[in-house]
Amino acid sequence: MSPRRTLATASLGTVAVLVAFTAPLANFNETVAGLGAGHRGGTWVLSSMSIGLGAFLLTAGRLADDYGRRRWFVLGSLLLGLASLVGAASGDVTAFVASRIAAGAGGAAVVAAGLGMIAHAHPDPVARSRATGVWGASVGAGIAIGPLLGNYLSSLHSWRDVYVVLGAAGLALAVAGRGCPESRSDHRARLDVPGVVLMALGVAALLAGLTEGRAGWGRPVTLVLLAVGVGMLVAFVVIEGRSTHPMLDLGLLGRPAFRAVNIAGLATGAGIIALMSYVSGFVGSALDISATTAAWLMLAWSLPSVVTAFGARRLPEAWSGRARMSGALAVIALGQLLVLGVGVGSGPARFVPGLLLAGVATGVLNAAMGRESVASVPPGQAGLGSGANNTARYLGSALGVTVVSVVAAPAGAVTAQGLVDGWHRAVLVTAVVSLVGAVGVALLGERSTPSRQGIAPVDTPVGGA
């Protein structure tokens, strides 16, 4: 029963993290009004959890591998739950944003350690393929549930209620996680303190700078944050290259399989996730579509991804992980292009065909990335692989959302037609990102030989050994 319990607990943890991540999309206006936040504060409401996730995913994955995946899953669940409860009780935007950053840090531990727990509990390649398909479905399930739950609870009582529910869920996950077996790498490395600090602070500063930039690119605080973030990440690369016990072995970047899965994560975040993050606000402002209907539109994309992630193991075994990721990104791009041509008088049905197609491909992509992120790193470093891939995904999302906010901003007065024109630009940009990602995965994911670190080639069929 322990593999099933581990799979269920880790997958439900990922659902909870994605619910927390997407919940503000549905009740954004109520949250901003309740906190007395203006435009700048609203930008932080939407982006703050990304900062916690992006800053700590890689670190959490490495620490989980070295010091116990169950331990870090439980700690992350506790932090996610307690931070959500603080967010529910927050009286101003500063306290709320701080709670969301903390929730993101807890969620990073849940996601990275959870996938590591799944990989350890399913050593057989076929069983692991099935399990990572379930995990991939949990990503889509969280995205599907978050906006609907946030919208429903907000309309029923208060925007704060969803954070109370998330608080209870986090505490329950911590209890459930204690019943899972502990696992860690057989070759624990000494803690790379400079690497941990530089990675966390560098990514946090970079994402904070991108968030501030959406409120004004010429402001000194924006430029300082971006410069500090880039400088710290450059220092991280230099120090890791010289360290005898690096948090991230830079030799992994020379492996096509590792590069390919992280290019896929980056393209997913900067492509379809960035576009979907803009959908709710766009359809409400430009097309006068209600928040409830917008939440159901999100479901048209996320629900098919749940179904296809579950069924991905039934795809032909001859289709390698690289082929699945590349093909899925190309189909996602096609789905994005199908939502071009939206007009001021368009209704929600106009979006459905494209969102359904993109959702089907996203499920295949999530399942493949879950498996490949674990398989592309040395044995015993599944948490690191998960952390690296999800870091790429959330960094891509932050960059993509920033680009979308720029290209979709209409010149002059904010009219419905101006917003529609901006939507078309955003669709074209994110579709190109998805296509470039598909090509990058295909070109950089060719079969490689084992490296001197003993990392086995991983570009084998997903369903096979």
>> Restricting to the stretch 173-194, count the residues that are touching a helix residue (DSSP H, G or I) at 6+ places or on another chain (Cβ under 8 Å) and free of Cβ contacts under 8 Å to residues at least 24 places away in the same chain.
In response: 0
> When the stretch 28-51 is examined, which residues are found to be among the aromatic types (Phe, Trp, Tyr) and within 17 Å of residue 282 (Cβ to Cβ)?
Replying inline: 28
> Does the stretch 10-31 hold any residues that are within 16 Å of residue 88 (Cβ to Cβ) and either of a type in the set (Val, Ile, Thr) or without any contact (Cβ under 8 Å) to a residue 12 or more places away in the chain (or both), and which are they?
Replying inline: 19, 31
> What single numbered condition from (1) among the hydrophobic types (A, V, I, L, M, F, W, C); (2) buried (at least 24 other Cβ atoms within 10 Å of the Cβ); (3) at pLDDT below 90 fails to hold for residue 328?
Replying inline: (3)
>> As an exercise: evaluate residue 448 against (1) modelled with pLDDT of 80 or more; (2) part of a loop (DSSP other than H, G, I, E, B) and give the number of the one condition it does not meet.
In response: (1)
>> Among the numbered criteria (1) open to solvent by less than 50 Å² (accessible area, probe 1.4 Å); (2) touching a residue at least 40 places away in the same chain (Cβ under 8 Å), which one does residue 92 miss?
In response: (1)
> Does residue 380 satisfy the criteria of being open to solvent by 10 Å² or more (accessible area, probe 1.4 Å), touching a Ser or Thr at 6+ places or on another chain (Cβ under 8 Å) and more than 19 Å from residue 226 (Cβ to Cβ)?
Replying inline: yes
>> Return the residues of the stretch 31-52 that are of a type in the set (A, V, I, L, M), open to solvent by 10 Å² or more (accessible area, probe 1.4 Å) and farther than 16 Å from residue 269 by Cα; say none if nothing qualifies.
In response: 32, 33, 35, 37
>> Tell me whether the stretch 294-308 contains one or more residues that are under 21 Å from residue 404 (Cα atoms) and hydroxyl-bearing (Ser, Thr, Tyr).
In response: yes
>> I'd like the full set of residues that are open to solvent by less than 10 Å² (accessible area, probe 1.4 Å), among the hydrophobic types (A, V, I, L, M, F, W, C) and part of a helix (DSSP H, G or I), limited to the stretch 383-435.
In response: 384, 404, 420, 423, 426, 427, 431
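Conditions (1) at pLDDT 90 or above; (2) open to solvent by less than 40 Å² (accessible area, probe 1.4 Å), marked per residue:
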residue	(1), (2)
23	no, yes
29	no, no
54	no, yes
68	yes, yes
71	yes, no
> Name the pairs: first residue in the stretch 212-233 and within 17 Å of residue 41 (Cα to Cα), second residue exposed (fewer than 14 other Cβ atoms within 10 Å of the Cβ) and among the hydroxyl-bearing types (Ser, Thr, Tyr), Cβ to Cβ under 9 Å, at least 6 apart or on different chains?
Replying inline: none
> So which residues in the stretch 309-325 are open to solvent by less than 20 Å² (accessible area, probe 1.4 Å) and at pLDDT 90 or above, if there are any at all?
Replying inline: 309, 324, 325
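The values are calculated or read from the model by the stated rules, or taken from the named source; none is laboratory data. As the structure is a prediction and not an experimental result, all values here were calculated from the model. Note that we place each Cβ from the backbone using ideal geometry, even for glycine, and neighbour counts take in every protein chain shown. To get the accessible areas, we keep the full protein, side chains included, count just its heavy atoms, and leave off ligands, DNA and RNA. Shrake-Rupley method; radii C 1.70, N 1.55, O 1.52, S 1.80 Å.
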